Amino acid sequence: MNRKLLVSFVSAVFVVGFAFGALADFDKPVIKEWTEKTTDDKGKVTETPCMSIDGITVHEEDPAKQPQPQVITPGTESAQDKPGKAPSDAIVLFDGTDLSKWISTDGKTPTKWEMKDATMMPVRGSGMIQSKQEFGSCQLHVEFATPSKVQGSGQGRGNSGVFLMGRYEIQVLDCYENKTYPDGQTGALYGRKPPLVNACRKPGEWQSYDIVFHRPVFENGKVVKRATFTVFHNGVLIQDHSELTGGTGWRGHHSISNYEPHGDKGPLQLQDHGNPVLFRNVWVRELKD
Ligand code: MG
């Protein structure tokens, strides 16, 4: 074998090796294949290829083996002047009626957030608000409007935040013609991951986050499965199954927290950052990890 051929051969082995290495990361399904033969009245034999994946036949119709998905009633879209409705299987945390599902972050005292025209908002010195119910992995819908009267710049303009499990922040900020560091702008996993695009609407307009969150898993004090976020901002994908490499807690201008072990569930929190950001139409659907 000449040298050129040998290099090609070794390269090919590496490529195949890497390919197998990558494949090994997947959970391997248990596949079984067989052929079912049927004979009609005229003696014609038909052979149908069959396959099962992890014990379930492809296109299985027996509900005991492959149940039908639960039927739910989908919600309605929001308009600027009217919030939409949550899907029928969602836990509604705020629909403009009252703040009964919310409490202050000490978990005991009533929230000081106020309601105004069927929206809720922080007021001076109110602190963050949190849901009484706790959640782990979930789908979350939340709508917000940064102040129409623009004040401040950078992180000081329309700042709030959506905190999953009371600790992982998706930034809320008015980034409409307002520059700040990319990993702290609207839809950023704060300090960890900038959004894919800036999909901000104008100050004062209603905007939405649709979030699919999978909680981190800890074993013996160490993270063994990191949290992931998929986020749509005003219907635009801005976090594409982003894996959170650690915490999002602010420790200084160029430093954020690491993962710290915690339980399977935590409250949803909305931030009071001193700016009167409005919220409406907040609902959650719990997901399996
Ligand atoms: Mg914030």
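The values are calculated or read from the model by the stated rules, or taken from the named source; none is laboratory data. No experiment lies behind these values; they were computed from the predicted model shown. Quick reminder, even Gly has a Cβ in these numbers, built from the backbone with ideal geometry, and neighbours come from all protein chains shown.
Descriptive notes on the structure:
- Among the residues making up region 153-173, those that are touching a residue at least 40 places away in the same chain (Cβ under 8 Å) and in a loop (DSSP other than H, G, I, E, B) are Arg157, Gly158, Asn159, Met165, Gly166, Arg167.
- Screening Thr111, Thr97, Thr48, Thr76 for residues that are assigned to a loop (DSSP other than H, G, I, E, B), among the polar types (S, T, N, Q) and touching a strand residue (DSSP E or B) at 6+ places or on another chain (Cβ under 6 Å) leaves exactly one candidate, Thr111.
- For region 141-156, filtered to residues that are out of contact with any Pro (no Cβ under 7 Å at 6 or more places or on another chain) and within 21 Å of Gly84 (Cβ to Cβ), the residue that is farthest from the ligand (Cβ to nearest atom) is His141.
- Among (1) without any contact (Cβ under 8 Å) to a residue 60 or more places away in the chain; (2) surrounded by fewer than 22 Cβ atoms within 10 Å (Cβ to Cβ); (3) of a type in the set (S, T, N, Q); (4) under 16 Å from Gly274 (Cβ atoms), the one test that Thr109 misses: (4)
- Yes/no for Gly274 being away from the ligand (no atom under 13 Å from the Cβ), part of a loop (DSSP other than H, G, I, E, B) and among the small types (Gly, Ala, Ser): no
- Elements of type strands (runs of 3 or more DSSP E) contained in region 181-245, each with 2 or more residues being touching a Leu at 6+ places or on another chain (Cβ under 9 Å) and within 16 Å of the ligand (Cβ to nearest atom): 207-214, 228-233, 236-243
- Lone unmet requirement of (1) surrounded by fewer than 18 Cβ atoms within 10 Å (Cβ to Cβ); (2) within 15 Å of the ligand (Cβ to nearest atom) for Asn159: (1)
- Residue list for region 258-289, filter: loosely packed, with under 15 Cβ neighbours inside 10 Å and closer than 24 Å to Ser126 by Cβ: Gly274
- When residues in region 114-146 are screened for being part of a strand (DSSP E or B), more than 24 Å from the chain's Cα centre (by Cα) and modelled with pLDDT of 95 or more, 2 of them pass.
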